Amino acid sequence: MPGKLGKFAHHFWSHERAPYTLLFLLVFTLFILAPLLSARIIAPLIFKVAFSLIIISGAFTVTTRTSLRLLAIVVGLLSVAVQFLGAFSGKATQTVESLLAVGMFIAFAVLMAKNFLIQERAPGHRIAGAVTIYLLLGLIWTRLYQLLESVSPGSFRFPAGEDLSAAALTYFSFVTLATLGYGDITPISLVARDLAVLEAVMGQLYLVILISWLVSQGVTKSGKE
């Protein structure tokens, strides 16, 4: 039985499947679980567990280093523990967990760019890597907004009848990243506004630079052929 589990894990995290696995978890969490959480159909713990799975799966996707994988597992378990303990966990613990999560997502984005964009990869891998990095950017700012709200409550104004939640801040992050700006959730504090502006600029720069780079790579490849 252990041998079969090992073969399944190796096949699941194989060189060919790894970028698609992380991308699937991101899409499932952001576009299925987040709306269900906003509608109060699922418990916040499920959403938190999904975040933890993204952290753990990201480590197995972007690196083979045992130390980074172990750190991701620790951060993932800490995320679940903080959510499960709820009021019994101190603000300091939640702050440390958020900082570690932000650091892990940044590391994943950098390693994903290095392994699936810069290096020669199949077109499908490059597209999966590019989309994954974009979604990771939104998650990085989601955790930054959560960190800010925990340190300085009231940094954001929410619509009447809607309370602070991870799903609400995830929605705000991706709306800002895509520069849609619906205005239903508003940054109030100076730091919150600065973070929102930085995320909007980062989202636009990423798309412009990515498209320019992909076009230049295609032109260079066509010229060599």
**OP:** May I ask you to verify whether Tyr182 is in a helix (DSSP H, G or I) and hydroxyl-bearing (Ser, Thr, Tyr)?
**Re:** no
Original post:
Within the bounds of region 156-166, is there any residue that is small (Gly, Ala, Ser) and touching a Pro at 6+ places or on another chain (Cβ under 9 Å)?
Top reply: yes
Subject >> Restricting region 170-225 to residues that are at pLDDT 90 or above and among the small types (Gly, Ala, Ser), the residue that is nearest to the chain's Cα centre (by Cα) >> reply: Ser173
Original post:
Does region 142-153 include one or more residues that are of a type outside the set (Ser, Thr, Tyr) and not in a helix (DSSP H, G or I)?
Top reply: yes
Original post:
Within region 154-177, can you find the residues that are aromatic (Phe, Trp, Tyr) and part of a strand (DSSP E or B)?
Top reply: Phe156
Original post:
Does any residue of region 119-129 turn out to be aliphatic (A, V, I, L, M) and either crowded, with 18+ Cβ neighbours inside 10 Å or not in a helix (DSSP H, G or I) (or both)?
Top reply: yes
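Of Ala192, Ala167, which residue is over 16 Å from Thr95 (Cα atoms), touching a strand residue (DSSP E or B) at 6+ places or on another chain (Cβ under 9 Å) and in contact (Cβ under 8 Å) with a residue 40 or more places away in the chain?
Numbers: Ala167 fails: touching a strand residue (DSSP E or B) at 6+ places or on another chain (Cβ under 9 Å).
Matching residue, one of Ala192, Ala167: Ala192.
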Original post:
Does Leu164 fit the bill of being of a type outside the set (Ser, Thr, Tyr) and modelled with pLDDT of 90 or more?
Top reply: no
**OP:** Considering (1) more than 30 Å from Thr61 (Cα to Cα); (2) surrounded by 15 or more Cβ atoms within 10 Å (Cβ to Cβ), say which one Thr170 fails and leave the rest.
**Re:** (1)
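The values are calculated or read from the model by the stated rules, or taken from the named source; none is laboratory data. Just so it is clear, the structure is predicted and the values come from calculations on it, not from any experiment. Don't worry about glycine lacking a Cβ; one is built from the backbone with ideal geometry, like all the others, and counts go over all protein chains shown.
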